[in-house]
1. Just checking: which of the strands (runs of 3 or more DSSP E) contained wholly in region 636-723 hold 1 or more residues that are within 28 Å of ASN37 (Cβ to Cβ)?
2. May I ask you to say which residue of THR744, THR697, THR754 is loosely packed, with under 14 Cβ neighbours inside 10 Å, modelled with pLDDT of 95 or more and closer than 20 Å to VAL630 by Cβ?
3. Go through region 143-163 and count every residue that is part of a loop (DSSP other than H, G, I, E, B) and more than 27 Å from TRP252 (Cα to Cα).
4. Hey, can you tell me all the residues within region 483-532 that are in a helix (DSSP H, G or I) and among the hydroxyl-bearing types (Ser, Thr, Tyr)?
5. Would you check if ALA329 is touching a residue at least 12 places away in the same chain (Cβ under 8 Å) and part of a loop (DSSP other than H, G, I, E, B)?
6. Looking at GLN627, GLN585 in this structure, which one is more than 26 Å from GLU551 (Cα to Cα), in the same structural domain as ASN366 (by TED's automatic domain parsing) and part of a helix (DSSP H, G or I)?
7. Which of the residues belonging to region 158-179 are surrounded by 21 or more Cβ atoms within 10 Å (Cβ to Cβ) and farther than 18 Å from THR113 by Cβ?
8. Please indicate, with yes or no, whether at least one residue in region 73-82 is surrounded by fewer than 24 Cβ atoms within 10 Å (Cβ to Cβ) and either in contact with a helix residue (DSSP H, G or I) (Cβ under 6 Å, 6 or more places away or on another chain) or under 19 Å from VAL192 (Cα atoms) (or both).
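The values are calculated or read from the model by the stated rules, or taken from the named source; none is laboratory data. Please read these numbers as outputs of a predicted model, since none were measured by experiment. Note that each Cβ is placed from the backbone with ideal geometry, even for glycine, and that neighbours are counted across all protein chains shown.
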Amino acid sequence: MRRFLLSAPCLLLGVSFVAFAGIAHASPTASPAASVNPLIGTGSGPGGSINLFPGATVPFGMVQLSPDTEDNGYGYHYSDTSIQGFSMTHMSGAGCPNEGDVFFTATTGPIHTRAANFGSPYSHSDEAAAPGYYRVRLLEWNIEAELSATTHTGIARFSFPAGQPANILLPLSHTLNGTAGASVEIVDGNQVQGYVENHAFCGNQQTYKVYFVMTFSRPFSSSGTWTGKRYGGPGTIAAGSRTAEQAGHNEWLGAYATWAAEAHPQTIIARIAISYVDLAGAENNLKAESAGKDFAQIRSDASAAWNKALSVIDVSGGTPAERTVFWTALYHSLLMPSIFSDADGRYLGFDGKIHRTAPNHPIYANWSGWDIYRSEIPLLAMIEPQRMEDMAQSVVRMYEQGGWIGRWPQINLYTNVMAGSPLTVALATAWLDGLHGFDMKAGWDGMWKDATQAPPPGHPYQGEAGINWINKLHYVPNDKISYGSVSQIQEDAIAYASLYRLADALGKTAEAHTLYDRALYYRNVFNKQDRFFRPRDSDGQWVPNFDPAQEDHGFIEGSGWHYQWLEPADMAWVVSAMGRQLFNQRLTQFFAYPTPGWYGQYYNPYNETDLEAPFEFNFSGRPWATQRVVRRVLMENYTDNPDGIPGNDDCGEMSSWAVLSMMGIYSIDPASLAYEMAGPVFPKAVIHLEAPYAGKTFTIEASGAAPDAPYIQSITLNGHADSKNWISFRDIAAGGRLHFVLGTKPNTAWGAATADAPPSLSSERP
């Protein structure tokens with residue numbers, strides 16, 4: 001999901017195959033966590049800022065404790081030269097300003113109330129980041145700040161210089177997305193608590209509250225609060241004051257605690273817990289996860305949690321930079337959706353009421369649906385099946401409590417960002433993969449409702465755009481729905497196709513027939529003359545003066561060139577309707593860009609609408625071309641440096657694309673269970689499978705793997721030669737061995753027959 005566009009210089013690599021750029025961060029025998037570089041993705045890709053955070057978190061943690069270099073935006077940018085402070089919540093790589101709740105920092109000397117005064121320059125030479133840990137020196141104050149985290153808590157260790165009073169500031173009105181309200185209370189000499197009320201992201205006016213409790217390693221000697229106007233002067237500092245309230249957007253408040261200067265350096269440790277339920281939830285989270293543990297123990301536990309999570313896949317061989325890119329991409333794939341329920345199981349539902357989930361089955365929130373259904377959900381279903389079942393149940397609860405399944409829900413709010421019904425694809429993928437540990441009866445009701453009905457007026461969820469027009473005309477008319485009319489029906493058709501396959505698996509014959517027909521509605525916006533998908537009005541006429549390279553002309557964050565490839569469930573029909581020769585000609589032209597960038601007529605390697613395109617030569621008799629362009633995209637766009645992800649990571653989507661592609665498998669249509677193949681980067685990758693899958697391991701081997709050898713010469717599956725250029729997920733889940741023989745020149749015969757292509761809806765009419 002792109003929400004902005006910045007220009008950035010790019011290195012012209014053409015189509016040659018070179019090693020990943022970067023510096024090794026670990027030896028081949030190091031633990032997976034030691035191979036991760038969290039600073040990857042904190043710079044700018046060809047599509048602009050990537051928006052990843054380098055701070056401390058654990059897998060899928062509620063807390064993402066990280067530095068902020070800005071006061072309204074995305075959090076941290078590698079190119080910024082000063083740090084304003086640290087906050088407890090961030091979304092990983094989202095395309096709109098968001099969160100940054102419960103902000104705090106450390107200073108020496110007098111109390112400052114504005115970022116311009118309490119912020120500090122820093123140097124990357126005195127900064128370190130690893131999974132579950134972050135360290136930086138605040139040069140203005142000569143303070144070393146160290147961060148670590150548990151699922152619901154953060155811990156900050158500040159080392160202050162001698163001879164200066166030590167301050168910890170809580171400028172709670174400082175968030176990344178326009179604070180609506182805040183409250184702070186200094187309870188005693190050792191604890192501060194309160195809440196922050198922030199807006200949902202992407203211009204949404206709905207708000208949510210984050211409650212917090214912060215305790216210190218020893219009592220402070222003095223404290224107070226401050227209030228003022230958001231854009232006024234320093235405000236009024238009230239020494240000794242114990243409470244302050246922010247009543248509206250234009251207000252500004254904070255609190256501070258001070259420890260008297262000492263003749264030697266002093267260290268203060270702050271422990272912070274948050275909850276979206278209430279203060280009692282935050283306090284219990286602190287007791288449950290942080291009590292009795294020092295900084296070293298929490299940091300060690302966080303590192304161990306990451307090593308366990310990352311060890312679900314083993315890779316060997318390749319260059320040090322390739323391994324760092326892989327492990328970091330996997331790390332970024334395991335950050336979201338994030339745990340939303342408290343340690344005691346309580347959480348705030350989509351009905352605004354407090355609910356409690358079953359023990360050891362947390363509720364997950366922050367679903368970047370339009371993005372992650374494409375590759376992160378299939379990856380999580382493969383490597384985190386039991387967690388995926390809990391995630392699916394979280395979506396079901398959303399429907400039960402709020403009446404609808406959102407497409408980009410944040411916290412417990414419907415944001416209505418983007419298009420389609422992506423969480424329908426997510427639930428269908430999970431179930432068809434064999435993950436049945438969630439309530440499909442209720443889930444089906446929610447998905448069917450979303451596919452066929454419009455929410456009532458005034459409901460916070462908007463539903464599928466133009467659903468009543470879809471029911472009447474079988475497409476989305478451009479003169480009635482101006483926001484991406486073509487994209488809307490294409491995305492809806494993907495959801496209908498997934499739901500069709502689910503209905504078929506559930507024995508819902510009548511519904512399967514209906515959904516199959518709906519899945520083909522995308523054909524109603526295909527123009528047989530120019531053979532592009534293009535907008536048409538409610539009278540059936542095509543919108544005139546159509547330019548397929550024009551951005552947003554009936555499309556969401558893209559052009560007709562980008563969206564001519566977005567029909568993953570029925571690629572055989574697209575190849576036939578366009579004509580195989582023209583299909584291959586256009587797709588080859590699509591990848592003829594000189595260097596990664598934002599083009600109207602070329603592949604965009606940094607926006608979700610094009611992620612499937614590199615694998616679509618597998619449907620048109622040229623799988624060797626897929627092998628070539630997949631390797632090019634990896635080499636040019638996934639590197640071991642801050643700019644090493646192509647644009648917004650969108651909560652793990654771009655990273656999960658890299659994880660799967662580097663292993664040589666990718667599913668453009670996850671509900672079909674087909675994984676298209678390309679040449680693996682590593683000589684060996686082992687996926688450790690968990691229940692309910694029958695297999696223990698699925699091993700991918702690649703003889704001849706090298707940076708300049710992306711081309712598949714042959715494959716065997718469990719010792720048997722196979723010419724198909726795809727593999728069924730059922731074969732992966734059963735365990736076994738997929739062996740590639742790779743070379744530096746294409747084998748134009750392998751996988752090129754029509755019978756070798758992946759499945760499509762066209763051959764599945766019920």
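1. Details: elements: 674-677, 684-688, 697-703, 711-717.
Once the strands (runs of 3 or more DSSP E) in region 636-723 are filtered for at least 1 residues that are within 28 Å of ASN37 (Cβ to Cβ), what remains is 674-677, 684-688, 697-703.
2. Working: THR697 fails: closer than 20 Å to VAL630 by Cβ; THR754 fails: closer than 20 Å to VAL630 by Cβ.
That would be THR744, the only listed residue that is loosely packed, with under 14 Cβ neighbours inside 10 Å, modelled with pLDDT of 95 or more and closer than 20 Å to VAL630 by Cβ.
3. At the first step, the residues of region 143-163 found to be part of a loop (DSSP other than H, G, I, E, B) are 150-152, 161-163.
Now restrict to residues that are more than 27 Å from TRP252 (Cα to Cα): 150-151, 161-163.
Going through region 143-163 one residue at a time, the tally reaches 5.
4. Keep residues of region 483-532 that are in a helix (DSSP H, G or I), which gives 485-506, 509-519, 521-525.
Result: SER485, SER487, TYR496, SER498, TYR500, THR509, THR514, TYR516, TYR521, TYR522.
5. Working: touching a residue at least 12 places away in the same chain (Cβ under 8 Å): yes; part of a loop (DSSP other than H, G, I, E, B): no.
So ALA329 does not fit the description; no.
6. Values: GLN585 fails: more than 26 Å from GLU551 (Cα to Cα).
Exactly one of GLN627, GLN585 is more than 26 Å from GLU551 (Cα to Cα), in the same structural domain as ASN366 (by TED's automatic domain parsing) and part of a helix (DSSP H, G or I), namely GLN627.
7. At the first step, the residues of region 158-179 found to be surrounded by 21 or more Cβ atoms within 10 Å (Cβ to Cβ) are 158, 160, 166-177, 179.
Within region 158-179, PHE158, PHE160, LEU176, ASN177 meet the criteria.
8. Among the residues of region 73-82, not one is surrounded by fewer than 24 Cβ atoms within 10 Å (Cβ to Cβ) and either in contact with a helix residue (DSSP H, G or I) (Cβ under 6 Å, 6 or more places away or on another chain) or under 19 Å from VAL192 (Cα atoms) (or both), which makes the answer no.
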